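Colleague: I have a structure I would like to understand better, so I am pasting it below and will then ask my questions one at a time.
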Ligand code: PMT
């Protein structure tokens, strides 16, 4: 497959035991037709030789800002790239890039480029989990940098845990995804995320465990595919690059926001966990304990998705989620029909690693008149890609 023909990809290699895998990544990119320009940090030279990368790539390795032949290699490389890939990326590189520090040729290229960037971290688990590293990762993600998470597995020095560089297949797939079609360009995608909070009194709420991660992943993927994205959210996560966030708290506020957006909505993805019941009244102030156990009377909330599904116009695509703990397919099937949806994404939230709060999910896609399709436990971003693929195919 030479689908990357004509693409100029700068591949940055940092100093880490996983640097040897960059060789395989470069080879695969060259095989796919890309023009690969290798840049190594000083640290990388401790792990692989320049000659290896120079021989495999389309140009000799560059390492220095002070190359006599090209006085400003950092801007030239960054400006001319269709994509910049860093594999492996060390904690130092992430910190410098997130903070806009140009400490060497590679960080200069990253700061000087307007091309899409794919960063593949690799380090020891303790370093990966350090709050500063995670903060840098979320900063980069919120700026639209595609982070390919490290995997669990063997690390240097006989250790094992999360931190191993993603596989060359996964890295090349991420490059392909970034350079792939903007198949949602010109489309307004509205995504909901998080759990609604229904007030009991001035300080207490009825809430649920939704973290918003799944909805944010869907919003980020839709934006990456070229959509204009509005994210109606109850949670305070960094906004995905390119998405506009409308903050809400209750089901009523979410419904109000979605009704206002409805006329311009092409695709609605309802990943939020909306409360089914809310207190009839919110007490003034804080209910005092010495008044005894309060009688909190509940009423049903409006079914937002059902109301919007009922007035769907031709050309609008409406997707719901179903959070179930039993009879996954039967319950989801009934919601699909009752809410007049184009697709429902069913997750069995009683299973380990599935649904609320996890970074992972496992889902079954149900579409009217089509066979069920299941995706086994994987990262919520991968679920988002699968979901958007199906939205695109439903609209084409
Ligand atoms: O946020 P995370 O921690 O990442 O977790 C993700 C998730 C588990 C919340 C997500 O994957 C998910 O399943 N979201 C839907 C949760 C839910 O409310 O499911 P439900 O089966 O109760 O509702 C079915 C659909 O109707 C949902 O799209 C829901 O948004 C919508 N709904 C429900 C009630 C209501 N009053 N109005 C609605 O619009």
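No lab work stands behind these numbers, since they all come straight from the coordinates. Being a predicted model, the structure only gives us computed values, none of them experimental. Because the Cβ atoms are built from the backbone with ideal geometry, glycine has one as well, and the counts that use them run over all protein chains shown.
Colleague: In degrees from 0 to 90, rounded to the nearest 10, what is the angle of the helix 251-261 Cα long axis to the longest principal axis of the chain?
Modeller: Around 60 degrees separate the two axes.
Colleague: Among 190, 296, 269, which one shows the biggest mean-square fluctuation in a GNM of the chain, springs joining Cα atoms closer than 10 Å?
Modeller: 296
Colleague: Right, another one. I'm checking a number: the convex hull volume of the Cα atoms of the chain, normalised per residue, in Å³. What is it?
Modeller: 168 Å³
Colleague: Here's a follow-up. Show me the ranking of peptides 1-9, 165-173 by mean Cβ neighbours inside 10 Å, starting with the highest.
Modeller: 165-173, 1-9
Colleague: Could the peptides 230-239, 361-370, 323-332 be put in order, highest first, of the mean number of other beta-carbon atoms found within 10 Å of their residues?
Modeller: 230-239, 361-370, 323-332
Colleague: Can you tell me the order of 276-284, 101-109, 132-140 when each peptide is scored by its average per-residue count of other Cβ atoms within 10 angstrom, highest first?
Modeller: 101-109, 132-140, 276-284
Colleague: Stick to the Cα atoms of the stretch 90-199, pair each with every other, and give me the Kirkwood hydrodynamic radius in Å at one decimal.
Modeller: 16.0 Å
Colleague: Can you tell me, using C-alpha contacts under 8 Å and at least 6 residues apart, the relative contact order of the stretch 188-395 as a whole percent?
Modeller: 20 percent
Colleague: How tilted is helix 380-395 with respect to the longest principal axis of the chain? Cα atoms for both, answer in degrees (0 to 90, nearest 10).
Modeller: Tilt relative to the chain: about 80 degrees.
Colleague: Please report the antiparallel percentage of DSSP beta bridges with both residues in the stretch 318-396, rounded to the nearest 5.
Modeller: Antiparallel bridges: around 55 percent, rounded to the nearest 5.
Colleague: What is the Cα centroid distance between the stretch 109-145 and the stretch 1-66, reported in whole angstrom?
Modeller: Measuring centre to centre over Cα atoms gives 19 Å.
Colleague: For the Cα atoms of the chain, what angle does the longest principal axis make with the long axis of helix 328-338, in degrees from 0 to 90, nearest 10?
Modeller: 70 degrees
Colleague: Can you check how the C-alpha radius of gyration of the stretch 188-395 compares to 2.2 N^0.38 Å, as a plain ratio?
Modeller: Ratio of Cα Rg to 2.2 N^0.38 Å: 1.03.
Colleague: According to a simple spin-label model (label point 7 Å from Cα along Cα-to-Cβ), what is the distance in nm between residue 295 and residue 75?
Modeller: My value for the distance between the label points is 7.5 nm.
Colleague: Want the number for residue 330 to residue 354: 0.36 nm per residue separation, take away the alpha-carbon distance, what's left?
Modeller: 6.8 nm is the gain from fully extending residue 330 to residue 354.
Colleague: Same structure again: For the chain, what relative contact order do you get, as a whole percent, if you take Cα pairs closer than 8 Å and at least 6 residues apart?
Modeller: 10 percent
Colleague: Further, regarding this structure: Treating the Cα atoms of the stretch 222-329 as identical point scatterers in vacuum, please give the log10 of the normalised Debye intensity I(q)/I(0) at q = 0.23 Å⁻¹, two decimals.
Modeller: -1.38
Colleague: On to the next question. Which length gain, in nm to one decimal place, applies between residue 338 and residue 125 when the Cα-Cα distance is subtracted from 0.36 nm times their residue separation?
Modeller: 72.1 nm
Colleague: For the chain, what does the helix formula give at 222 nm: sum of -39500 (n - 2.57) over DSSP H segments with n ≥ 4, over the residue count, nearest 500 deg cm²/dmol?
Modeller: Roughly -9500 deg cm²/dmol at 222 nm, from the helical runs in the chain.
Colleague: OK, next. Test of understanding: in a Gaussian network model of the chain with alpha carbons linked when under 10 Å, which of 294, 240, 181 would top the mean-square fluctuation ranking?
Modeller: 294
Colleague: With r defined as the distance between the Cβ atoms of residue 30 and residue 372 and R0 fixed at 56 Å, what FRET efficiency is calculated, to the nearest 0.05?
Modeller: The computed FRET efficiency comes out at 0.90.
Colleague: In Å, what is the Rg of the alpha-carbon atoms in the stretch 1-145, and how long is Dmax?
Modeller: When restricted to the Cα atoms of the stretch 1-145, Rg and Dmax are 14.3, 41 Å.
Colleague: Limiting things to C-alpha atoms, what are the Rg and the maximum Cα-Cα separation (Dmax) for the stretch 163-274, in angstroms?
Modeller: 16.2, 53
Colleague: Right, here's the next one. Evaluate the relative contact order of the stretch 8-178 (contact order divided by residue number), counting alpha-carbon pairs under 8 angstrom at least 6 apart; express in whole percent.
Modeller: Normalised by residue count, the contact order of the stretch 8-178 is 22 percent.
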